[in-house]
Amino acid sequence: MRKTILLLALWFVFSGGVFAAETEKKPNVLFIILEDTHWNVFGSYGNPICQTPNIDKLAQSGVLFERAYCQGSACNATRASFINGLRPATTRVWHNGQRIRDVLPEGIRGMPELFKEAGYTTIDIGKFYHTTDFAPKQTAVFDVIEHQSRPEGWQGPPPLLTFPPAQPDWNKKAKSRKKGEPQNAQARSHWYSDSYGDSGLEPEQEGDRRAARVAVAHLEKFAVEKTPDKKPFFLALSQGKPHTPYISPTKFATLYDPETIPAPPAPFETLKDFPYVVRATVGGPDIFTQSPSTPQEAREAIAAYYGCVTFVDENLGLVFDALEKTGLDKETIVVLIGDHGVHLGDHNIWSKYTLLEGTHHAPLIVRVPGAKENGKRTKELVEFVDLLPTFVDYCGLKDPGHLEGISFRPLLEKDVAIPWKKAAFLTDHDFGHAVRTPKYRYAEFGENARWVADGLKAALYDVEKDPEEVVNLINDPAYDTVKKELADLLHKGWKDALPPGYGE
Ligand SMILES: [Ca+2]
């Protein structure tokens, strides 16, 4: 008996008191998914203007990943990838038009299925998969679905909170550049992607605020439950912002003065012969759809985007406060991501869908109670496909055997520098594939790159020296060896880039 206690004590000391899959109570998981989030928009990532005090507090008490990369280039592809721990080549979900139910191979079990099988209560608040209709079977696994359409035949509980309908105040004007709109365009433009500014709603009328309120209500309900067989929870909370349209309540829409916003980095000229040139010259898919932004419009849109981010931060502050007040913060893993990145006017590009840094580089903050590295930041490369393996590791989920990432738990608990992934692997349906190492980005534009014409077939950036990606080195003979090494890495694939001892 004494020996057992001693061994247990030793284990606790050496494990740092962090959750262990089999021997400890399973941790709860709060998985926060923001939309289209620029990798450095939070104060904790170095943004000097955009205010995100609540997210920064999470970063200060957890681990901030400076180099986190999603695998797909838009909602549907990236979500199908990280939810299932698979890369787009395996999910077969490459773009936003594909229904997951038509293409995802049979037998794949992702976050909802694995958490539920492991005895968790599974709660979805807001968007999880791209749409419920795309993934009805997977969405139906959730025990609770709020602020998201429910699959046909789903028999879960009614909403915990109800809210009155919200009618925007049309006198508050969001800016819209959509041309040829009908006469009621001023009102309709509030909901168009191609607009920015005031949403015409009060904060408490906004869907994102309401989703946060629902999350708070679920946390408070969980905290007072006393049943002996109480299950841990997996709560996925999404915020629709800062996706376009960049509209938010007055307080946030007017928070940042466009005159104080610097012009976007990376001039358009650096894209010479690139497949993105058409998009960058005739307009983007989400905002400035008709023609490129003027310098003034770019500053205004970025200010409006920052307003959306600060609004989201305030919403999350309510959730983080509830975690602390209930004491659940001590037994809950918190993970915050942007589902993918976004270009805010760099290279004349708005939106995503490129093989440049803006699309796949996204924020990732993780707080595991008691983890040794909490309070630090890491430059090690992680991929969003690593999220599910990490949950498997911490939460005692059954490994489904098909995962294409690795648990980054060692990065949260390491005492010394350890060898880590050599590269992140990135895809875009229209443009091809890329590999990102700590120093370089190398991209090959594929057959789907509809606008390649006689332009470049590949691109190489020294991102360490040139973080804005303005000097394409692909035709520079001094980089021939680097080019060959990176092309080999890209063609060999992700398994070859794993740390020693993984994937063998
Ligand atoms: Ca998105």
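The values are calculated or read from the model by the stated rules, or taken from the named source; none is laboratory data. What you see is a predicted model, and the numbers here were worked out from it, not measured in a lab. Quick reminder, even Gly has a Cβ in these numbers, built from the backbone with ideal geometry, and neighbours come from all protein chains shown. When the accessible area is computed, the model is the full protein with side chains, heavy atoms only, and any ligands, DNA or RNA have been set aside. Shrake-Rupley method; radii C 1.70, N 1.55, O 1.52, S 1.80 Å.
Regarding residue 276, is this residue more than 16 Å from the ligand (Cβ to nearest atom) and in contact with a Cys (Cβ under 6 Å, 6 or more places away or on another chain)? Here the answer is no, as residue 276 does not meet what is asked. In the stretch 462-478, the residues that are crowded, with 16+ Cβ neighbours inside 10 Å form Cβ pairs under 6 Å with partners that are charged (D, E, K, R), at six or more places apart or across chains, as follows: 463/441; 469/357. Pairs meeting the criteria (first residue in the stretch 337-360 and without any contact (Cβ under 8 Å) to a residue 12 or more places away in the chain, second residue more than 14 Å from the ligand (Cβ to nearest atom), beta carbons under 7 Å, at least 6 apart or on different chains) are lacking. Checking each residue of the stretch 213-221 against the condition of being within 30 Å of residue 323 (Cβ to Cβ), at pLDDT 95 or above and touching a Phe, Trp or Tyr at 6+ places or on another chain (Cβ under 7 Å) gives no match.
The set of residues in the stretch 491-504 being open to solvent by 20 Å² or more (accessible area, probe 1.4 Å) and part of a helix (DSSP H, G or I) consists of 491, 492, 494, 495, 496.
Looking at the stretch 321-341, which of the residues that are within 16 Å of the ligand (Cβ to nearest atom) and part of a loop (DSSP other than H, G, I, E, B) is farthest from the chain's Cα centre (by Cα)? Across the stretch 321-341, the extreme among qualifying residues is 341.
In this structure, does residue 110 turn out to be farther than 19 Å from residue 337 by Cβ and either touching a residue at least 12 places away in the same chain (Cβ under 8 Å) or among the polar types (S, T, N, Q) (or both)? Criteria not met by residue 110.
Quick grid of which residues meet (1) of a type outside the set (Phe, Trp, Tyr); (2) open to solvent by less than 10 Å² (accessible area, probe 1.4 Å); (3) closer than 23 Å to residue 57 by Cβ; (4) away from the ligand (no atom under 16 Å from the Cβ):
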| residue | (1), (2), (3), (4) |
| --- | --- |
| 348 | yes, no, no, yes |
| 364 | yes, yes, yes, no |
| 367 | yes, no, yes, yes |
| 379 | yes, no, yes, yes |
| 386 | yes, yes, no, yes |
| 396 | yes, no, no, yes |
| 399 | yes, no, no, yes |
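The stretch 60-149 holds strands (runs of 3 or more DSSP E) entirely within its bounds, and those carrying 1 or more residues that are farther than 26 Å from residue 379 by Cα and away from the ligand (no atom under 16 Å from the Cβ) map to 121-125, 144-146.
Check whether at least one residue in the stretch 441-459 is at pLDDT 95 or above, exposed (fewer than 15 other Cβ atoms within 10 Å of the Cβ) and not acidic (Asp, Glu), and report yes or no. So far as the stretch 441-459 goes, no, none of its residues is at pLDDT 95 or above, exposed (fewer than 15 other Cβ atoms within 10 Å of the Cβ) and not acidic (Asp, Glu). Being at pLDDT 95 or above and among the acidic types (Asp, Glu) is a description that does not apply to residue 181.
Tell me yes or no: at least one residue of the stretch 275-296 is under 28 Å from residue 72 (Cα atoms), free of Cβ contacts under 8 Å to residues at least 24 places away in the same chain, of a type outside the set (Asp, Glu) and part of a helix (DSSP H, G or I). Yes: the stretch 275-296 contains one or more residues that are under 28 Å from residue 72 (Cα atoms), free of Cβ contacts under 8 Å to residues at least 24 places away in the same chain, of a type outside the set (Asp, Glu) and part of a helix (DSSP H, G or I).
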